[in-house]
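**Q** Here you go, one structure.
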Amino acid sequence: MSTSSRFYMEMDAISENEGFARVCIAAFCARLDPTLEEINDIKTAVSEAVTNSIIHGYKKQGGIIHINADIDENILTICISDDGCGIEDVNKAMEPLYTTGALEERSGMGFTFMEIFMDYLHVESEPGKGTKVIMKKEISKNK
């Protein structure tokens, strides 16, 4: 059996697709036999990244979200990108509780959750050109 595999999809940036993205990534990484905790971590991180694209990247106006995933040995790499408005200050945006939305609507914890649940997080963004979120998770081999 091959130790590497790739997955790509693009979807409309609408809130109804957030759950679909979670399920697709969970199904893709199932071949690694992750624990329930690992699956939940991955799904939560994907949910946060996709939601950020919908809410902040496209300001709920629609657009396309691109999702690339790659398995190499037992490492899952996920890249979620959009062509939205971008982030002016990535470091500030990654601070816990920072939000550009109304406090009643957003907690400002999206990037924090991604950092907690994944082993690696890198965010690239340019105002007016979009954002790319790259996350990695090592799936345990010894269960």
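**Q** Can you tell me how many residues in region 18-76 are touching a Cys at 6+ places or on another chain (Cβ under 9 Å), of a type outside the set (A, V, I, L, M) and closer than 22 Å to Thr112 by Cα?
**A** Count: 7.
**Q** Would you pick out the residues in region 18-37 that are touching a helix residue (DSSP H, G or I) at 6+ places or on another chain (Cβ under 8 Å) and buried (at least 17 other Cβ atoms within 10 Å of the Cβ)?
**A** Glu18, Ala21, Arg22, Ile25, Cys29, Pro34
**Q** Tell me which residues, restricted to region 108-132, are free of Cβ contacts under 8 Å to residues at least 40 places away in the same chain and within 14 Å of Gly86 (Cα to Cα).
**A** Within region 108-132, Val123, Glu124, Ser125 meet the criteria.
**Q** Next up: Please work out which one of (1) surrounded by 16 or more Cβ atoms within 10 Å (Cβ to Cβ); (2) at pLDDT 95 or above; (3) among the aromatic types (Phe, Trp, Tyr) is the condition Tyr58 fails and give its number.
**A** (2)
**Q** Just need a number here: residues in region 64-103 that are surrounded by fewer than 19 Cβ atoms within 10 Å (Cβ to Cβ), farther than 16 Å from Thr51 by Cβ, modelled with pLDDT of 90 or more and of a type in the set (Val, Ile, Thr).
**A** So the answer is 2.
**Q** From Met114, Met109, which residue is at pLDDT 85 or above, on the phi < 0 side of the Ramachandran plot, surrounded by 14 or more Cβ atoms within 10 Å (Cβ to Cβ) and out of contact with any Gly (no Cβ under 9 Å at 6 or more places or on another chain)?
**A** Working: Met109 fails: at pLDDT 85 or above.
The conditions single out Met114.
**Q** I'd like the residue in region 6-43 that is hydroxyl-bearing (Ser, Thr, Tyr) and modelled with pLDDT of 95 or more and, out of all such residues, is nearest to the chain's Cα centre (by Cα). Before the answer, list the steps.
**A** Here is the first cut: in region 6-43, the ones hydroxyl-bearing (Ser, Thr, Tyr) are 8, 15, 35.
From what's left, modelled with pLDDT of 95 or more: 8, 35.
Details: Tyr8: 13, Thr35: 19 Å.
Step by step, filter region 6-43, then rank; the result is Tyr8.
The values are calculated or read from the model by the stated rules, or taken from the named source; none is laboratory data. These numbers were taken from a predicted model, which means no experiment stands behind them. Positions of Cβ are backbone-derived with ideal geometry, glycine not excepted, and every protein chain shown enters the neighbour counts.
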